[in-house]
1. Taking K and R as +1 and D and E as -1, what net charge do the other residues with C-beta under 10 Å from the C-beta of Arg153 add up to?
2. Separation between the Gln66 and Leu45 pseudo-spin-labels, each 7 Å from Cα along Cα→Cβ, expressed in nm?
3. Convert each backbone phi in segment 110-116 into a coupling constant with the Karplus relation 6.51 cos²θ - 1.76 cosθ + 1.60 (shift: θ = phi - 60°), then list the ³J(HN,Hα) values in order as whole Hz, x for Gly and Pro.
4. Based on a Kirkwood Rh over C-alpha pairs, give the Stokes-Einstein translational diffusion coefficient of segment 89-215 at 4 °C and viscosity 1.567 mPa s in µm²/s.
5. Counting Lys +1, Arg +1, Asp -1, Glu -1, what net charge surrounds Ala179 among other residues with beta carbon under 14 Å of its beta carbon?
6. So if I restrict to the alpha-carbon atoms in segment 122-172, what is the Rg, and what is Dmax, the biggest pairwise distance, in Å?
7. In whole Hz and in residue order, list the ³J(HN,Hα) couplings for segment 69-74 that follow from phi through the Karplus curve 6.51 cos²θ - 1.76 cosθ + 1.60, θ = phi - 60°; x for Gly and Pro.
Amino acid sequence: MQQIVKTMQKHQIPMVSHRPARLSAVTSTTASEPAFRRPTADDALRLARGQFLAGERIEMGALADQLGINRTTLYRWVGEREQLLGTLISSLIDDWLEQVRPTVTGTGVDGVLEIVRRFLEVAAGYETLTAFTRREPPLALRVLTDRDGAVTRKGDATVRVVLAEMLPDREVSGEVVRAIGLVARTLVWANIAVDQDPDIDGVVGLTRTLLEAEAR
């Protein structure tokens, strides 16, 4: 063996090793995307909605800190705390209506009343909202009953949708639409605010009276 090696060295024949080559670690040179980005108004609404649905108290200062922005920017995006809460609560209305729709069997005025009853049962049973109403009753009632607020606007629009679906041959006046919405918000949330049971039967009865009176 030694003679063979000497012969190969003499004639400058390269020696080939049969050991497996050692693999070096491969390091990616591709730059990864940054793990952060600038927050947006949508981020603020998503974060606030998550906190509200979790039953947490919405604090504007803490919300701004979590987003890494100042309060001025947050207020520009979502308004004051009262406005933000109105936006969050009004965003739940479509979900409640879609939850109720498949369970309704009645038509006409009876169908309207069935939707009203079931919708208010769902809303009044929504623990996050009832807890907020009992915890901060003055603020909650302002948010829920302000005639120019997001909840009233969305609520009245929803009443119009229900009436159009159940009473397609009738054109219910705006006054009746607003009265139905006001009765519902008042008899449900004013009672919850003072730790009493919501008067859903009263809302249904008054809604029937309003619709029948206008039909005469």
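Values quoted throughout were computed directly from the atomic coordinates according to the rules given, and no laboratory measurement underlies them. These figures come from a predicted structure and were not determined experimentally. Ideal geometry is used to build each Cβ from the backbone, glycine not excepted, and the neighbour counts take in all protein chains shown.
1. Values: positive: Arg147, Lys154; negative: Asp146, Asp148, Asp156.
Here the count lands on -1.
2. Here the modelled spin labels are 1.7 nm apart.
3. 4, x, 4, 5, 5, 5, 4
4. Approximately 89 µm²/s, per Stokes-Einstein.
5. On the way: positive: Arg147, Arg160, Arg178, Arg185, Arg208; negative: Asp156, Glu175, Glu212, Glu214.
Residues close to Ala179 contribute a combined charge of +1.
6. Both quantities, over Cα of segment 122-172: 14.0, 43 Å.
7. With the stated coefficients, segment 69-74 comes to 10, 8, 5, 4, 5, 4 Hz.
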